[in-house]
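Have a look at the structure below, then the notes.
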Amino acid sequence: MELIAVSVQCPHCWEHFDALVDPSQGDQEYVEDCHVCCQPLLLTVALEDPESPQVTVRAENE
Ligand SMILES: [Zn+2]
């Protein structure tokens with residue numbers, strides 16, 4: 001299964017990075033460290049359209 005890179009913006013440092021989403025997992029929520037500042041982020045993936053997942057990013061400690 002192919003991973004889809006989705007550009008997201010970190011709520012800590014405001015940099016953009018690509019989150020890799022596995023569309024075979026359906027809607028999902030997981031923690032990933034920001035690729036730039038390494039703060040833990042809670043990523044919520046909505047797969048209404050499996051070809052272009054919507055990813056919402058929140059600070060994990062909020
Ligand atoms: Zn960051």
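The values are calculated or read from the model by the stated rules, or taken from the named source; none is laboratory data. Nothing here was measured: the structure is a model prediction, and the numbers come from that model. Note that we place each Cβ from the backbone using ideal geometry, even for glycine, and neighbour counts take in every protein chain shown.
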When the residues of region 5-62 are narrowed to those that are outside any strand (DSSP E or B) and hydroxyl-bearing (S, T, Y), which ends up farthest from the ligand (Cβ to nearest atom)? S24
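If you go through region 1-32 one residue at a time, how many are touching a residue at least 40 places away in the same chain (Cβ under 8 Å) and charged (D, E, K, R)?
0
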Inspect region 33-46 for any residue being touching a residue at least 40 places away in the same chain (Cβ under 8 Å) and either loosely packed, with under 13 Cβ neighbours inside 10 Å or out of contact with any helix residue (DSSP H, G or I) (no Cβ under 8 Å at 6 or more places or on another chain) (or both) and give the result as yes or no. no
Inspect region 9-16 for any residue being in contact with a Leu (Cβ under 7 Å, 6 or more places away or on another chain) and modelled with pLDDT under 95 and give the result as yes or no. no
